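Have a look at the structure below, then the notes.
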Number of protein chains: 2
Amino acid sequence: MERRKFLKSASIGTAAAAATTLAAPAVAQTQPKVSWRLTSSFPKSLDTIYGAAEVLAKAVSEATDGNFQIQVFAAGELVPGLQAADAVTAGTVEMCHTAPYYYVGKDPTFAFGTAVPFGLNARQLNAWFYHGGGMDLLNEFYGRYQIHGLPGGNTGTQMGGWFRKEIKTVADMSGLKMRIGGLAGRVITKLGAVPQQIAGGDIYPSLEKGTIDAAEWVGPYDDEKLGFYKVAPHYYYPGWWEGGASLQFFINKAKWAELPKNYQAIVTSAAAMANVDMQAKYDARNPAALKRLAQSGAQLHPFPNDVMEASLKASQELYAEISKENEAFRKMHDAVMAFRNDEYLWWQIAEFGYDAFMIRSRRS
Amino acid sequence: MERRKFLKSASIGTAAAAATTLAAPAVAQTQPKVSWRLTSSFPKSLDTIYGAAEVLAKAVSEATDGNFQIQVFAAGELVPGLQAADAVTAGTVEMCHTAPYYYVGKDPTFAFGTAVPFGLNARQLNAWFYHGGGMDLLNEFYGRYQIHGLPGGNTGTQMGGWFRKEIKTVADMSGLKMRIGGLAGRVITKLGAVPQQIAGGDIYPSLEKGTIDAAEWVGPYDDEKLGFYKVAPHYYYPGWWEGGASLQFFINKAKWAELPKNYQAIVTSAAAMANVDMQAKYDARNPAALKRLAQSGAQLHPFPNDVMEASLKASQELYAEISKENEAFRKMHDAVMAFRNDEYLWWQIAEFGYDAFMIRSRRS
């Protein structure tokens, strides 16, 4: 109806002229001065991940003529990277950019905000978040921690990490000391491996000395910078614990509620832009890094099939164990796995069929 | 430096208090009343694609407290769907939502804004657009038509379409009348097939009567609605001419330049949100539609390998022919194909390795 009215009253060109018409001074509430602080869980050296918060902050500032400023702090500048969510819960910062699975120690349910072993790939995660009920489920859970979450980037499928020696069979996992965290660490424990918690900067010397036998990090672009290929040249794939690893923006719920509606809309759009932009940046940067790594002596290997199968089985056991004692986890797990099974039913047809041909024809 | 100053002067909690501080009345320019019209190339029945323009319009309105209104018109309401770009060039509407490859009749270079045969998949397209120089190259070209383009959605790899009879070898393509457009139509001509231009609503009766032998549309979610499975049950994949099909927002350059900077930022974020949201919507909806189609009697087939190989060869011939006479096309083609080759070098490792395992384990 409005449309018909509009068509009647507006000759072509009227709308164009309107673009330069200045309105009466805007109501002050629409553009209040707001200053927020965002603590990132990441150092600036992980520039692609860290950069997603800067993309959001810049977009919000530009959309508000500088009236809404979000100042981004690297991990450790205000609070340690792994305490970013706590700072949001406490309201000491308004928001953070983090990987929800860092908080599996509080509750393993957080893992579904990033990635779980043998879960969704990056596009499937977005489908679940935005149109599969995923963010609703996650925000219901995050609410316990006074957090409102928004998807804020993805790395794509990560690599399986760097190994000092080749892994030829699942038996080679036994006793292996590997730098790996969260649920994946609990899974490889079931294969006899020993997960290690080591900060990013300490991985290289640990691999060099042989204090650990293997370490996972992200993918070619980030891994290259840390130089692991020099001390642990066997580079395995895929990272079955992170088929797609989502970063999220966590916002204190009370601060979120205080924001004018237009600012909420601006943050939501800016987060979506950061989400698609970060994945695009990794996808654009990883190929060249992979080439350089291969030239530097990195040896690419797929995980042996029995390692993959045993890891899948161990993951399912772990999910069953946690589900027994954690209702939120069970609910989220069941939703994600049902969604995943349907996604791959479709994925195997057009997407996978196309990629398979493109990869075959590239090789020949 | 600013950060240090901020840390010194701001005790924890100050920033939070600022969230409710009202500024002096905002300068009027920051929120002028603007009314734009957006003509979509799509009917409302293609609700996922059409909906991307509504997602953008809603986000822009919310971000500006309703001061910047973008009214969305379906194909045909203002101008026919395939003339959306012309209306933007002429300035009769400020913007449109369209598939750039609809304009290959003007210049085949437009195809790179959507998809070309054996080109990039959806994520790779975003990588090229946002971080591979793609949108810069495209906007340099679109500038000839007074257009500023922004990525605005993707369907993912499309299906290869519906065939009345099985295609067992490339020889079966000879004489085949297929509803397919653009560069793909020119490619299949080289295989002896006869491309047909038929509007969406006329495809079903044409297939039913046998006026045509095959027709491509989009993918399970959209195809199901048109009921093709009843009259052409052989459903082929992948749509090698649309490994990822991008929709774009086209904005008249003069109107874009007239927008205040904050409104430009708001439109850019909203377009990025529409971009990721539309892909997520398709990814969430296609699996269930595929299941229903299979239950209704659709028979899924991969294209025979010799059809794929012959189509690749014919595409390369076509690219060489057009490149000889069209410098903009040549430049874009060479950029895309170099980017694609690097992308698949990486894609075959972690992404494809992960998907391959997930698909195998789902089947068993």
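The values are calculated or read from the model by the stated rules, or taken from the named source; none is laboratory data. Every value quoted in this text rests on a predicted model; they were computed, and no experiment measured them. Here the Cβ is made from the backbone with ideal geometry for all residues, glycine too, and neighbour counts use every protein chain on show. Remember, those area values only see protein heavy atoms, side chains included, never the ligands or the DNA or RNA. Shrake-Rupley method; radii C 1.70, N 1.55, O 1.52, S 1.80 Å.
Couple of notes before you dig in:
- Take B:ASP334: with every protein chain present and a 1.4 Å probe, its accessible area is about 70 Å².
- HN-Hα J in Hz across segment A:138-145 - Karplus 6.51, -1.76, 1.60, θ = phi - 60°, x for Gly and Pro: 5, 5, 4, 6, 4, x, 4, 10
- Considering only B:LEU293, B:LEU226, B:LEU138, the mean-square fluctuation computed in a Gaussian network model of chain B, springs between alpha carbons under 10 angstrom, is largest for B:LEU226.
- Long-range amide H partners of B:GLY152 with built H, under 5 Å: B:LEU247, B:GLN248, B:PHE249
- Folded to 0 to 90 degrees: helix A:122-131 orientation relative to chain A principal axis, Cα: 40 degrees
- Zero-based 5 Å bins, Cα pair distances in segment B:218-364, whole percents: 2, 7, 9, 12, 16, 17, 15, 11, 7, 3, 1, 0
- About its Cα centre, segment A:83-148 has a charge dipole of approximately 160 debye under the convention of +1 per Lys or Arg Cβ and -1 per Asp or Glu Cβ, with nothing else charged.
- Sites listed here are trypsin sites (Lys or Arg not before Pro) in segment B:104-207 whose DSSP assignment is loop and whose Cβ has at most 11 other Cβ atoms within 10 Å: B:LYS168.
- Karplus-derived HN-Hα couplings along segment B:36-50 (A = 6.51, B = -1.76, C = 1.60, θ = phi - 60°), whole Hz, x at Gly and Pro: 10, 10, 10, 9, 8, 7, 10, x, 4, 5, 7, 4, 6, 5, 4
- Computed from Cα atoms, the angle from the helix B:261-295 axis to the main principal axis of chain B rounds to 30 degrees.
- Straightening the chain between A:GLU166 and A:ASP47 buys 39.8 nm, computed as 0.36 nm per residue apart minus the Cα-Cα spacing.
- Inter-probe distance in nm under a simple model that places probes 7 Å from Cα toward Cβ, at A:LYS190 and B:ALA338: 4.8 nm
- Amide H contacts of B:GLN196: B:MET178, B:ARG179, B:ILE180, each under 5 Å away and 5 or more positions distant or on a separate chain (H built 1.01 Å from N in the peptide plane; Pro and chain starts excluded).
- Oblate is the label for segment A:272-339, because the ratio a/c of its alpha-carbon gyration tensor axes (a ≥ b ≥ c) is 1.5 or higher and a/b is not greater than b/c.
- Whole-Hz couplings from phi, Karplus 6.51/-1.76/1.60, listed for segment B:233-248; x for Gly and Pro: x, 8, 10, 9, 8, x, x, 5, 8, 8, x, x, 10, 8, 8, 9
- Sorted shortest first, the distances from the A:GLU325 label point to those of the same residue in the other copies are 7.3 nm; each point sits 7 Å from Cα along Cα-to-Cβ.
- Net length available on complete extension from A:ARG363 to A:GLN299 is 21.2 nm, with 0.36 nm assigned per residue and the Cα-Cα distance removed.
- Whether the protein assembly as shown is rounded, prolate or oblate, judged on the alpha carbon gyration tensor where a/c under 1.5 counts as rounded: oblate
- Cα gyration tensor shape of segment A:34-101, rounded if a/c is under 1.5, else prolate or oblate by comparing a/b with b/c: oblate
- Helical runs (DSSP H, four residues minimum) scored at -39500 (n - 2.57) apiece and divided by the length of the protein assembly as shown put the mean residue ellipticity at 222 nm at -15500 deg cm²/dmol.
- A cut-off under 12 angstrom between Cβ atoms defines the neighbours of A:LEU226, and their net charge, with Lys, Arg +1 and Asp, Glu -1, is -3.
- Take A:THR189, move 7 Å from Cα toward the beta carbon, and the resulting point lies 6.5 nm from the same point in each other copy, nearest first.
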